[in-house]
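Q: Input: one structure, supplied below.
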Amino acid sequence: MKLLEPFLNWQSEIQAIRRDIHAHPELSYEEHRTCEVVAAALEKWGITVHRGLGGTGVVGEIRGRAGASGVLGAGAIGMRADLDALPMQEINTFAHASQHPGKMHSCGHDGHTAMLLNAARYLAEHRNFDGTVYVIFQPAEEGGAGAQKMIDDGLFKKFPMQAVFGMHNWPGIPVGNFALTSGPMMASSNEFCITVRGKGAHGGMPHLGVDPIMTSVQIAQTLQTIVTRNRHPLEAAVLSITQIHGGSADNVIPTEVIMRGTVRTFTLETLDLIEQRMGEVIASSASAMGATADFSFVRSYPPTINHAKETAFCAAVMKGIVGAGHVDDHVQPSMGAEDFSYMLQEVPGCYVWIGNGQGDHRDAGHGLGPCMLHNGSYDFNDELLPLGATYWVKLAEEWFKQ
């Protein structure tokens, strides 16, 4: 593993920043303190700071050296980290555990921010590249579509760039390893709500009513045939009903049942098919049972689709750092979702995973659960701080050599 030496010297300092952010988690669009921590660090290192995109977003502008002509290269790239925490309770009790009940950095955004800050410091001190690097610290990844908000606020118009890159820690992948793939890397995220309305009745006299519970059962079972019988077998898709609410007493057939859930796909064509067929199945199944149903479908994040050229470039950079045997460049995509997808719809780029290990790194006082994303026992692995920063620096330096 070829780590850049300054990162080893800065380890305790950048780890302190990471753990400070972890101890003070802030939810989507509330990342005011985190924003100040990031901006203050960038300004301390002589980096031009732009605030306010996406509300609490921060963009650092790092200009490289002038080329042989004495003119700075016109090229520019963006490297993105996310800032926000999740609305969940941390069960760890180590020293840097969350100080805010009901809020936790359980996805590693504190570590993503620290790795990119680490890289920004090095790039600003050495400027061993001919062009401009924009370090993008984005708010509201966890369901708030902060990437789209930054785009709407002019991210790519104010800071034109040829490519944009993102990175996420991934538990289960060993430390010292990377993973990526060309094409779909993560799925689209979509939510639906079905309200089934019948006619309430006594539980012992069901013939006098229209049972929305049995109607919901029929709908729930039939919806699964969309994935098994309408979708192309080689097109990945998930349709999960995650909530069913109805009834208040054992001897009462209720008037209404509400079902909610999620749909995940890697292509918009498959998503279009599923949404259309859901509407048809729900309406016809409810009608057949004598009930009515309302159906709403909300498209949240599109699929995260890596561009082929940029993916091949990132894989080459990784292999130069950790060796080809530690880079899985055809990793199986995840049905999780990521709003970096919005950026990849605007500008070519690549989103990669860096291994976070199995959880053995956690300090004494960690929770009894696994060190998995969105888990109350999770903690980012600080051993990644030099490795992730080295990747960012090498990516920038190698890009401008092309």
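Please treat every number below as a calculation from the coordinates, not as lab data. Just so we're clear, the structure is a prediction, and the values are computed from it rather than from any experiment. Cβ atoms come from the backbone with ideal geometry, glycine included; neighbour counts cover every protein chain shown.
Q: Using the beta-carbon distance between H374 and Q402 and R0 = 30 Å, what value does 1/(1 + (r/R0)^6) give for FRET efficiency, to the nearest 0.05? It would help to have the intermediate numbers written out before the result.
A: On the way: r = 37 Å, r/R0 = 1.23.
Approximately 0.20, to the nearest 0.05.
Q: Using Cα positions and a limit of under 19 Å, work out the aspartates and glutamates in reach of K199, with same-chain residues fewer than 8 apart set aside.
A: D211, D250, E256, D294
Q: Helix 212-225 versus the longest principal axis of the chain: what angle, 0 to 90°, nearest 10, using Cα atoms?
A: Result, in degrees: 50.
Q: Could you give me D for the chain, from Stokes-Einstein at 20 °C and 1.002 mPa s, where the hydrodynamic radius is the Kirkwood radius over C-alpha pairs? Units µm² s⁻¹, please. Could you put the intermediate results ahead of the total?
A: Values: Rh = 22.8 Å.
D = 94 µm²/s.
Q: When the dipole is taken about the Cα centre of the chain, and only Lys, Arg (+1) and Asp, Glu (-1) are charged at their Cβ, what size is it in debye, to the nearest 20? Don't skip to the answer; put the middle values down first.
A: Details: 28 positive and 42 negative charges, 115 e Å.
Around 560 debye, computed over the chain.
Q: Quick one: if you stick a label point 7 Å off each Cα along the C-beta vector at A220 and H207, how many nm between them?
A: With each label point 7 Å from Cα toward Cβ, the separation is 2.7 nm.
Q: Another question, then. Under a no-solvent Debye model with one identical scatterer per Cα of the range 189-301, what's log10 I(q)/I(0) at q = 0.10, 0.15, 0.22 Å⁻¹?
A: Here the Debye-derived log intensity ratios amount to -0.31, -0.63, -1.12.
Q: Output the peptides 12-18, 129-135, 310-316 sorted from most to least packed, where packing is the average of other Cβ atoms within 10 Å over each peptide's residues.
A: Working: 12-18: 16.7, 129-135: 23.1, 310-316: 20.3.
So the peptides 12-18, 129-135, 310-316, ranked by packing, come out 129-135, 310-316, 12-18.
Q: How would you rank D250, D382, D20, D110, going from fewest to most other Cβ atoms within 10 Å of each one's own Cβ?
A: D250, D20, D382, D110
Q: Right, next: Taking other Cβ within 10 Å of each residue's Cβ, how do W45, W170, W392, W353 sort, fewest first?
A: Numbers: W45 16, W170 19, W392 25, W353 22.
Least crowded to most crowded, the residues run W45, W170, W353, W392.
Q: What nm value, rounded to one decimal, do you get for the distance between W45 and T93 when each label is placed 7 Å out toward the C-beta?
A: With each label point 7 Å from Cα toward Cβ, the separation is 3.6 nm.
Q: How many angstrom lie between the C-alpha centres of the range 298-322 and the range 1-69?
A: For the range 298-322 versus the range 1-69, the Cα centre distance is 22 Å.
Q: Now for a different question. For the range 331-345 and the range 353-402, what is the centre-to-centre distance using only Cα atoms, to the nearest Å?
A: Using only Cα atoms to place each centre, the spacing works out to 18 Å.
Q: Can you tell me the FRET efficiency between H330 and N251 if r is taken as the Cβ-Cβ distance and R0 is 60 Å, rounded to the nearest 0.05? Walk me through the numbers on the way to the answer.
A: On the way: r = 57 Å, r/R0 = 0.95.
Calculated transfer efficiency: 0.60.
Q: If you don't mind, there's one more thing I want to ask. According to a simple spin-label model (label point 7 Å from Cα along Cα-to-Cβ), what is the distance in nm between H232 and A312?
A: Distance between the two pseudo-spin positions: 2.4 nm.
Q: Right, another one. Which whole-angstrom value gives the distance between the alpha carbon centres of the range 82-139 and the range 221-251?
A: When both Cα centres are located, 37 Å separates them.
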